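Heads up: the structure comes next, in structure tokens.
Here, each number is a calculation from the coordinates, and none is a lab measurement. Note that the coordinates shown come from a computational prediction; the quantities given were computed from them, not determined experimentally. A quick note on method: Cβ atoms are made from the backbone with ideal geometry, for glycine too, and the neighbour counts reach across all protein chains shown.
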Amino acid sequence: MSACEPRPARSAAVLIASTRAATGVYEDRTAPVLTDWLDDHGFDVVNPVIVPDGAPVASGLKALLALTPRVILTSGGTGLSADDQTPEMTAPLLTRHVPGVMEAIRAAGLAKTPFAALSRGHAGVVTGPEGPGTFIVNLPGSPSGVMDALSVLAPLIDHICAQLEGSHAH
């Protein structure tokens with residue numbers, strides 16, 4: 001694709017892993033932050049999916065992957081509680097891990113709170129016969145942690161998508 005050609009339309013999805021939000025105990029505050037950020041970065045965003053922690057995360061991710069979005073951002077379930085299993089549900093789906101993204105996200109968070117070191121999220125790509133691939137990244141469950149992570153993703157997300165779409169530019 002040359003610089004003059006329009007880039008392909010990109011879609012994105014948001015998955016929130018929170019038993020309390022999924023059962024209506026409280027209103028999730030990270031999905032609107034993620035959806036607005038993706039919209040501001042030119043993505044067509046499907047309605048956020050909110051699932052309980054644990055195994056439902058895998059089902060939710062698989063359902064979103066069937067829509068072949070270019071990006072899936074998850075929030076929640078990356079800590080040390082017994083039901084924080086978002087990384088365990090995500091890792092088996094990834095065909096290529098991108099650990100540097102998570103290293104940078106944790107580093108950005110550590111500049112503000114030592115609790116960022118406890119985030120166990122993954123970042124990587126799911127490739128398949130359906131298309132060029134989907135970038136998935138597990139973000140913390142707090143709005144402030146999400147904002148820190150999005151500051152890391154902001155300069156990277158277009159390049160990540162372009163590479164998935166076949167660009168070899170650096």
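Each DSSP beta bridge with both residues in the chain is either parallel or antiparallel, and the antiparallel ones are about 30%. With R₀ set to 30 Å, the beta-carbon distance separating Thr68 from Ser151 gives a calculated FRET efficiency near 0.65. Think of each Lys and Arg Cβ as +1 and each Asp and Glu Cβ as -1; about the Cα centre, that makes the dipole of the chain roughly 260 debye.
You can think of it this way: the chain between Asn47 and Ala9 has 12.0 nm of extra reach, that is 0.36 nm per residue less the Cα-Cα gap. Remark: Phe115, Phe135 ranked as Phe115, Phe135, counting other beta-carbon atoms within 10 Å and listing the fewest first. The overall shape of region 10-164 is rounded: from the C-alpha gyration tensor, with semi-axes ordered a ≥ b ≥ c, the ratio a/c is less than 1.5. Only one residue of Ala107, Ala162, Leu15 has its Cα farthest out toward the positive end of the dipole of the chain, where Lys and Arg carry +1 and Asp and Glu -1 on Cβ, and that residue is Ala107. One chain, two ends: Val25 and Arg96. Fully extended at 0.36 nm per residue, the span grows by 22.0 nm beyond their Cα-Cα distance. Ranked by how many other Cβ atoms sit within 10 Å of their own Cβ, fewest first, the residues Ser18, Ser144, Ser11, Ser75 fall in the order Ser144, Ser11, Ser18, Ser75.
If we count other beta carbons within 10 Å of each Cβ, what is the order of Asp53, Asp158, Asp84, Asp36, fewest first?
Working: Asp53 23, Asp158 15, Asp84 20, Asp36 12.
In order of increasing Cβ crowding within 10 Å: Asp36, Asp158, Asp84, Asp53.
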